Amino acid sequence: MNHRHLLLAVAVGAAVLSLSACRKPPAPEQEQAAAPAGPGETADQFVARINAEYKAMYPELTSAQWLSSTYINDDSSRVAAKANERWLTTLNGWIEQAGKYDGQPMSADSRRALQLLKLMTAMPAPRDPAKLSELAAIATKLEGDYGAGSYCVDEGGKRNCRQLGELEQVLARSRDYDAQLDAWQGWHSTAVPSRQRYQRFVELVNEGARELGYRDAGQMWRSGYDMPAEQVGPETDRLWQQVKPLYEQLHCYTRARLDKNYGKDKAELAGGLIPAHLTGNMWQQDWSNLWDMLQPYPDAGSLDITAALEKQYQGNLSAALAKAGGDAGVEARFKAQREAELATARQMTERAQDFYVSLGMPKLPESYWRNTQFIKPLDRNVVCHASAWDMNMGGDGKDGGADVRTKMCITPTEENFTTIYHELGHIYYDLAYNPLPPLFQGGANDGFHEAIGDTIVLAMTPRYLNSIGLVDKPRESREATINAQMRMALSGVSFLPFGLMIDRWRWGVFDGSIKPDQYNQKWWELKAQYQGVAPASARGEEYFDAGAKYHVPGNTPYLRYFLARVLQYQFYKGLCDASGYSGPLNECSFYGNKEAGQKFWAMLSKGASQPWQATLRELTGNDRLDAAPMLEYFAPLQDWLKQQNQGQMCGWEASAPAPAAQPQSP
Ligand code: X8Z
Ligand code: ZN
C-alpha cells in the first residue's frame, strides 16, 4: 500500500494526535472541509493550493491508518474512521471546487492533476455527512475484522483459535486432505459476519460514485487507466486470451499430480475442477507451496529457498540461545526465538534492499528500520497482509526526510522473501517520485506500482540466489531450466485468472448484475470459469467467501495485480535490454547493472505525471500492454508442459453442477 494506494484503498484523515501531543482542541468540523476557492484563484493556483494542503494533512492521515492497522482495537478504529471521514469530506470539497474550472484555461499538468484528483480514492463517499460517516466506520470495521479474524474450535473443553497465518501454514505444509479442508473452511467461516456490512458498503460507495458522475464504483475504478473506461474489460480479456493456453497447461499438469497424490476421486471435482483447498493457498492464487508435488526434476539441483531461510533462522536461534547462556529456561528460550525471528526478517529485508542498491538506488532511510513492522506482534491484533507505506511524502530531501515503512508478519519462507522484494518495489517507487507534486505521486497506473518489485523477483535467477547463498550452485541443464521455470510459473502463471476474476466479481456487484443474494454463487461461478477450481462442498449464500480475501473487505481494487503480472515481464525485458543482455530471456538477471538501474529509476521518477502509455514506451519501446514477453519467458516450460500433458484431457467444464452438500456423518 503505497501512499496513493493508501488513499485509494482506505482513505484516511486524523486529528487525534493534536490532542495527545500538544493539547490543542480539535478544529471545529467546518474547518475540516476544504476552504472555498479564493476570489480570482486560477486553475493553476487552485491545483498548487490543493497539492500543498494535501501534503500538509497527509502525515496525520497516514498515522491514524497505521495505528488502526498495527493496533486493532475500538479506539484505533474510531480514530481511523474519524480521520477517514475528515479526509473524504475534504476530498469531496476539492472535487466540487475543481468542477468550477471545467473548460477553463490551465496548464496541461493542472488538467492531469484535476483528472487524478477525481480518482484519488477507491472509496467514493456520499456527500451526505451521515452517510459519509457511516461509510468510513464500515470500511474501518471491515478491514479490522479481517485482520482480527480467528477460527476457533472447542477441543475437549479447551478453546483452540487460529488466525490466518496459522491456517495458511496448514495449506502450505500439510498434505492431509481433511486437515487442509478444515483450515480452508475455518478461515472462510470468519468472513460470514461481514456479509451484510459489505452489502451496505457497496450501496454507499455507489452513491458516492454516482454523485461524482460515474455509473457506479466499478466504472469509476475502470476510469483510472488513461483510456475509455469501457475498454478496460475488453483490453484485459485480450491479455487473458494471450496467456490462457499457458495457464491451462499448468492447470492440467497440476491436476494430474494432485490426482496421483490424493486419488482422482478426491483431487478432481465434477467437470475437472481442482478442489480449492488442495492448491497450497487459501485463494488458489499462488501454487508455489505445491513444489513438493510439482517439482519437475527433483535431482536437478535444489531450489528450496524456504529450507535455506529456515536454516538461517536456526542459525540465528542458536546464536540467541548461546547469548542467553547454557540451559535457558522456557521464558529465555521463547525470548531467543522471538529475537531470532526478528533477526531473520531483518536479514531477509536487507537482502532485498541490497538488490535495489546494486542497481544504484539509495539505501532505505534509517527510519525505515526503526518504524517497520517486521514480525507479528504477540500482544495485539494487526493486519498482517503485507503493505508498504509512505507516511509523509518526505523523500524529496526537504523538511524532516522520508518516513517510509513496510508492514508484514514475516516468516522465513520463499513466499515471504519474494513479498519483501515486492513491498520494497512500492517503497522505491514512492521515494523516486517524492519530488513531484503530491497529486502526481502515484504509479503511472496502479498496475505499475504492483509490478516494480515483481520485476526484480524475475531477476532472482538461480544464479543470483546462489550468489547470496540461498541455493546450490545451479546446474546448466534443461532439467534445471525447467525446474527454475516451474518455480516462477507456480507463483506467476497460477495467479493470472485469479487476478482477473476478483474484479470481474466486484464490477458485477457494483453495477448490480450480481445481486446481494447471489454473492457466493457468482463468486464460485467466476472461480470455476477463470481458475478451474471449486469448493469441495456446497458454498451457499450463508457464506461470504469473497470476504475471506483481504482486498474485498480492504476495498483494494485488484485488476492492478493482473496488469502487474503482464507488465512485470515487459519491464523485465526492457531492463534486460538496457543492461546489454542478449541470451534467453528467462536467464537474465540485471543484478548490479547500473544502466538497467538508471532506466528503472527514470521511469519511477515520472510517477503519475504523464499517461502510462508514454512511460511504458520510454522503458520498453511499446505503449501497449502485451503478454508476449511473458510467453517468450515461459516458452521452454510451455513446451515441456505440452509434452507432459500428452494424452490427458486438459481444460475443465465450468458449468458443472455445484457439489451437493456433504452428507452429515452418522
Ligand atoms: O496484496 C498483495 C501485496 C500487497 S500490495 C502483498 N499482493 C496480492 C495478494 O496478496 O493478493 C501481491 C500479489 C497479489
Ligand atoms: Zn503490492
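The values are calculated or read from the model by the stated rules, or taken from the named source; none is laboratory data. Every value quoted in this text rests on a predicted model; they were computed, and no experiment measured them. Note that we place each Cβ from the backbone using ideal geometry, even for glycine, and neighbour counts take in every protein chain shown. Only protein heavy atoms, including side chains, enter the accessible area calculation; ligands, DNA and RNA are left aside. Shrake-Rupley method; radii C 1.70, N 1.55, O 1.52, S 1.80 Å.
Quick notes on this structure:
- Only listed residue being basic (Lys, Arg), assigned to a helix (DSSP H, G or I) and open to solvent by less than 30 Å² (accessible area, probe 1.4 Å), chosen from Arg255, Arg238, Arg210: Arg255
- Taken over segment 182-207, the residue count meeting the criterion of being under 30 Å from Met293 (Cβ atoms) and open to solvent by 30 Å² or more (accessible area, probe 1.4 Å) is 4.
- Among the residues making up segment 448-484, those that are more than 16 Å from ligand 2 (Cβ to nearest atom) and among the hydroxyl-bearing types (Ser, Thr, Tyr) are Thr461, Tyr464, Ser467, Ser477, Thr481.
- Residue satisfying all of: in segment 67-87; surrounded by 24 or more Cβ atoms within 10 Å (Cβ to Cβ) and under 23 Å from the mean Cα position of the chain (by Cα); nearest to Glu134 (Cα to Cα) among these: Ala81
- Any hit, segment 299-321, residues being among the acidic types (Asp, Glu), assigned to a helix (DSSP H, G or I) and within 26 Å of the chain's Cα centre (by Cα): yes
- Test: residue in segment 606-616 that is within 22 Å of Met460 (Cα to Cα) and either modelled with pLDDT of 95 or more or among the aliphatic types (A, V, I, L, M) (or both): no
- Checking each residue in segment 521-579 for being over 18 Å from the mean Cα position of the chain (by Cα) and either of a type in the set (A, V, I, L, M) or within 14 Å of ligand 1 (Cβ to nearest atom) (or both) picks out Leu526, Ala528, Gln531, Val533, Ala534, Ala536, Ala538, Leu575, Ala578.
- Pro535 at pLDDT 95 or above and under 27 Å from Met120 (Cα atoms): no
- Residue, modelled with the lowest pLDDT, within segment 488-521, restricted to residues that are open to solvent by 20 Å² or more (accessible area, probe 1.4 Å) and in a helix (DSSP H, G or I): Ser491
- Criterion: of a type outside the set (Asp, Glu), in contact (Cβ under 8 Å) with a residue 24 or more places away in the chain, on the phi > 0 side of the Ramachandran plot and surrounded by fewer than 19 Cβ atoms within 10 Å (Cβ to Cβ) - qualifying residue of Gly580, Gly592: Gly592
Table: residues versus (1) at positive phi; (2) crowded, with 18+ Cβ neighbours inside 10 Å; (3) touching a helix residue (DSSP H, G or I) at 6+ places or on another chain (Cβ under 7 Å).
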site: Met282; (1), (2), (3): no, yes, yes
site: Gln285; (1), (2), (3): no, yes, yes
site: Asp292; (1), (2), (3): no, no, no
site: Pro298; (1), (2), (3): no, no, no
site: Ala308; (1), (2), (3): no, yes, no
site: Ala322; (1), (2), (3): no, no, no
site: Arg338; (1), (2), (3): no, no, no
site: Met348; (1), (2), (3): no, yes, yes
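- Of all residue pairs spaced 6 or more apart or on separate chains, those with beta-carbon atoms under 7 Å, a first member in segment 56-70 that is part of a helix (DSSP H, G or I) and a second member that is charged (D, E, K, R) are Ser69/Lys407; Thr70/Lys407.
- Screening Glu632, Glu587, Glu542 for residues that are away from ligand 2 (no atom under 16 Å from the Cβ), touching a residue at least 40 places away in the same chain (Cβ under 8 Å), open to solvent by 20 Å² or more (accessible area, probe 1.4 Å) and within 30 Å of Val383 (Cβ to Cβ) leaves exactly one candidate, Glu542.
- Within segment 404-445, the set of residues being more than 10 Å from ligand 1 (Cβ to nearest atom), among the charged types (D, E, K, R) and either touching a Gly at 6+ places or on another chain (Cβ under 7 Å) or part of a helix (DSSP H, G or I) (or both) comprises Glu414, Asp430.
- Qualifying residue in segment 551-558 (condition: surrounded by fewer than 23 Cβ atoms within 10 Å (Cβ to Cβ), touching a Lys or Arg at 6+ places or on another chain (Cβ under 6 Å) and at pLDDT 95 or above): no
- Across segment 355-389, the qualifying residues are those that are assigned to a loop (DSSP other than H, G, I, E, B), within 16 Å of ligand 2 (Cβ to nearest atom) and open to solvent by less than 50 Å² (accessible area, probe 1.4 Å), and the one among them that is nearest to Ala343 (Cα to Cα) is Thr372.
- Selection status of Leu135, more than 25 Å from Pro553 (Cβ to Cβ), of a type in the set (A, V, I, L, M) and crowded, with 21+ Cβ neighbours inside 10 Å: no
- Residue match in segment 152-171 (condition: surrounded by fewer than 21 Cβ atoms within 10 Å (Cβ to Cβ), among the acidic types (Asp, Glu) and part of a strand (DSSP E or B)): yes
- Check on Ala179, assigned to a helix (DSSP H, G or I), open to solvent by 30 Å² or more (accessible area, probe 1.4 Å) and on the phi < 0 side of the Ramachandran plot: yes
- When Thr121 is tested against (1) in a loop (DSSP other than H, G, I, E, B); (2) polar (S, T, N, Q); (3) exposed (fewer than 15 other Cβ atoms within 10 Å of the Cβ), exactly one condition is not met: (3).
- Cross-chain or 6+ apart pairs with Cβ under 6 Å, segment 386-399 first and more than 16 Å from ligand 1 (Cβ to nearest atom), then open to solvent by 10 Å² or more (accessible area, probe 1.4 Å) and of a type in the set (D, E, K, R): Met391/Asp403; Asn392/Asp403; Met393/Lys55; Gly394/Asp403
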